[in-house]
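Each remark here refers to the structure printed beneath this line.
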Amino acid sequence: MYNNITIQLLDQTALLEITRPKFLNALNRETLEEIDHAFSQELLQNKDIRGVIITGAGEKAFVAGADIKEFVNYSAEEGAALAKWGHGVMNRIYEFPKPIIAAINGYALGGGLELALACHMRVASQNAKMGLPEVTLGLIPGYGGTQRLASLVGRGKALEMIMSGEMIDAVEAHQWGLVNHVTNQEDLYNTCNHLLKKMYEKSPKAIAAAIKVVNAGLDKSKDGYEEEVKAFGESFGTPDFREGTDAFIAKRKPNF
Ligand code: CAA
């Protein structure tokens, strides 16, 4: 049982909602622990779940950041420990073997935008506002945002957002390549689910391998090309490869 999130299984999609709308779904420690637990347990293990949508409760916010009230008295050591722990949680989402979409339904700020950046794709509603306002607090982004934003939109735009602390709207975020699609608030879930459903027709093993290899290419400690060779070779040994190629030869749809 969770206190700060809900998970609904809708067909093959799990909808994870952060339910602290009174605080604009700010990520206090307990909330992030619950998110981490969900991704390490049921979302990972339940074979009926083929993809995940993360969103925030209410109409105002996806997530307005890490919970500022929790760290106002932190020392440098405590701050570093918070970032290290946050990195672990965000990395598990980033490396999750099933597709995850952030449905950005309002403010995605600081740690909230960093959560969206850790997801594999982002869809924003027209009222969404995104930013990394940490410099306003005398901080920098600490849940991976300095790295993931730069890899997604380039160094110049990332530094503009981080150094100004200003928010951008959904249309600008789309132009920057920060979000994949923009939609009306009422169509947000369906747009995300439509994207996922196209993936459910494809090989889950191949999708997991693609996530792993694309991420490896962005990881300075790994050789993405080498990882691709390895994962491409391993694909040939999977039942999904048998099914996909059998279906192609028989001129039928594959059944994964
Ligand atoms: N942490 C804790 N509480 C937060 C919060 C946050 N990040 N964001 C909003 N809240 C709380 C507010 O304190 C307020 O609670 P009370 O009613 O108890 O005062 C409630 O949510 C509603 O917020 P506002 O009254 O401020 O709503 P608004 O519409 O006037 O303003 C906003 C909306 C512009 C998003 C404003 O709330 C805001 O600036 N929030 C902080 C955004 C921020 O700085 N995020 C980065 C956090 S640091 C971080 O994330 C570090 C990291 O990289 C890991």
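Throughout, read-outs are computed from the coordinates displayed, never taken from laboratory work. Predicted model, so just to flag it, every value in this text is computed and none were measured. All Cβ positions, even for glycine, are placed from backbone atoms using ideal geometry, and neighbour counts span all protein chains on display.
In table form, for the structure just shown:
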| item | result |
| --- | --- |
| Virtual spin-label span in nm between D219 and A247, 7 Å along Cα→Cβ | 2.9 |
| Crossing angle, helix 76-94 versus the chain [Cα axis fit, 0-90 degrees, rounded to tens] | 30 |
| Peptides ranked, highest mean first, by Cβ atoms within 10 Å: ranges 242-254, 54-66, 132-144 | 54-66, 132-144, 242-254 |
| Distant-in-sequence amide H partners of N28 (H built 1.01 Å from N, under 5 Å) | D67 |
| Three-way shape call for region 15-118 based on the alpha-carbon gyration tensor, with the a/c threshold at 1.5 | oblate |
| Region 201-250: projected area of the alpha-carbon convex hull, averaged over directions, in nm² | 3.6 |
| Beta bridges by DSSP in the chain, antiparallel share as percent, to the nearest 5 | 25 |
| Where labels lie 7 Å past Cα in the beta-carbon direction, separation of L10 and K84 in nm | 3.9 |
| Neighbour-count order for L16, L10, L32, L218, fewest beta carbons within 10 angstrom listed first | L10, L218, L16, L32 |
| In Hz, Karplus ³J(HN,Hα) per residue of region 210-224 (6.51, -1.76, 1.60; θ = phi - 60°; x = Gly, Pro) | 5, 4, 4, 6, 4, 4, 4, x, 9, 9, 4, 8, 10, 9, x |
| Prolate/oblate/rounded call for region 157-241, Cα gyration tensor, a/c under 1.5 rounded | oblate |
| Neighbour-count ranking [beta-carbon atoms within 10 angstrom, fewest first] of M163, M199 | M163, M199 |
| Environment charge of A173, counting only residues whose C-beta is closer than 11 Å and scoring Lys/Arg +1, Asp/Glu -1 | +1 |
| Positive-end residue, the chain charge dipole about Cα centroid, Cβ charges, pick of N105, T31, A208 | A208 |
| Long-range HN-HN contacts of Y107 with modeled amide H, under 5 Å | A61, F62, K129 |
| Charged-residue dipole, Cβ positions (Lys, Arg, Asp, Glu), the chain about Cα centre, Debye nearest 20 | 640 |
| The chain: projected area of the alpha-carbon convex hull, averaged over directions, in nm² | 14.5 |
| For region 156-183 and region 190-216, distance of Cα centres in Å | 24 |
| Hull volume in cubic angstrom per residue (convex hull over the Cα atoms of region 1-76) | 99 |
| Rounded Å value of the spacing that divides the Cα centres of region 125-145 and region 3-30 | 20 |
| Dipole of the chain, positive end: most advanced residue of L10, I54, I140 [Cβ charges, Cα centre] | L10 |
| Extension reserve of the I68-E160 stretch, reckoned as 0.36 nm per residue once the Cα distance is removed | 30.9 nm |
